[in-house]
Amino acid sequence: MGKGIKPPLNPERQRVSAACLQPLLPANTPGGLSLAAAAEHHEGFAFELKKAAERAAVTQVFGWDEALQYQLHLAEWQECQPLLILMDGIPIGSVLLETIAPECHPTAEQDSANVPQSDFSRFFLLPQWQGRGIGSAVLGAVIAWSDKAQRPCRLTYLQGNPVSGLYRRFGFEKLTEDAQFVTMVYHPHGKITL
């Protein structure tokens, strides 16, 4: 590796770059919307964003423990930094889309172990930016990427989070559900079965 380039902590997982997703934003994307890699100095913003977007659902399911939630956030941040969702250059949200090597699908069935997949997470918008088509535009880019790459896309969210309707509108189907989490999958055109 070259000077200043760190190897990924988990080589089986690779973040999809802003350069890959940005051109896939739909034509009706709100003006000023862009994606960019987060930098170390965005870590505090990312935690405040998580609190603004998820605190109610986390409180409902687990109860909110600030120190524990910060520890969990920091571990995720150190594993892989998300992309920032920007409006006119100002961070207003985050998103993380990662490719997953076939051999590390923790919930894949035996016959689908060789199907490359992706994992969609840390999709947060500050509350004042919700309901403006921004989340739909970003999710549209993720779906377009999944179709182009022919990779099923999985996501998991907390019970009580109102995002399920948005995910269903974009073609995600429920895989599993328990008292705490819901896992969904989007199958790209061609319907690769997991």
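Assuming ALA101 fulfils every condition listed in (1) among the aliphatic types (A, V, I, L, M); (2) at pLDDT below 95; (3) farther than 30 Å from HIS189 by Cα apart from one, which condition is it?
(3)
When only residues in region 114-131 that are open to solvent by less than 40 Å² (accessible area, probe 1.4 Å) and at pLDDT below 90 count, which is nearest to the chain's Cα centre (by Cα)?
So the residue we want is GLN117.
Given the conditions (1) touching a strand residue (DSSP E or B) at 6+ places or on another chain (Cβ under 6 Å); (2) open to solvent by less than 30 Å² (accessible area, probe 1.4 Å); (3) at pLDDT below 95, and given that LEU83 satisfies all but one, which numbered condition is not satisfied?
The failed condition is (3).
Answer yes or no as to whether GLU48 is in contact with a strand residue (DSSP E or B) (Cβ under 9 Å, 6 or more places away or on another chain) and either at pLDDT below 95 or under 21 Å from VAL163 (Cβ atoms) (or both).
Taking the combined requirement at face value, the residue does not satisfy it.
Within region 23-38, how many residues are part of a loop (DSSP other than H, G, I, E, B), over 16 Å from the mean Cα position of the chain (by Cα) and either hydroxyl-bearing (Ser, Thr, Tyr) or crowded, with 18+ Cβ neighbours inside 10 Å (or both)?
Going through region 23-38, the residues part of a loop (DSSP other than H, G, I, E, B) turn out to be 25-32, 38.
Narrowing further to those that are over 16 Å from the mean Cα position of the chain (by Cα): 26-32.
Add one more test, that the residue is either hydroxyl-bearing (Ser, Thr, Tyr) or crowded, with 18+ Cβ neighbours inside 10 Å (or both), and what stays is 29.
Residues flagged as part of a loop (DSSP other than H, G, I, E, B), over 16 Å from the mean Cα position of the chain (by Cα) and either hydroxyl-bearing (Ser, Thr, Tyr) or crowded, with 18+ Cβ neighbours inside 10 Å (or both) within region 23-38 amount to 1.
Find the residue count for region 39-53, including only residues that are in contact with a Leu (Cβ under 7 Å, 6 or more places away or on another chain), touching a residue at least 60 places away in the same chain (Cβ under 8 Å) and surrounded by 18 or more Cβ atoms within 10 Å (Cβ to Cβ).
Matching residues across region 39-53 total 2.
The values are calculated or read from the model by the stated rules, or taken from the named source; none is laboratory data. In this text, all values refer to a predicted model and were calculated from it rather than measured experimentally. Reconstructed Cβ throughout: ideal geometry from the backbone, glycine too, with neighbour counts over all protein chains shown. Only protein heavy atoms, including side chains, enter the accessible area calculation; ligands, DNA and RNA are left aside. Shrake-Rupley method; radii C 1.70, N 1.55, O 1.52, S 1.80 Å.
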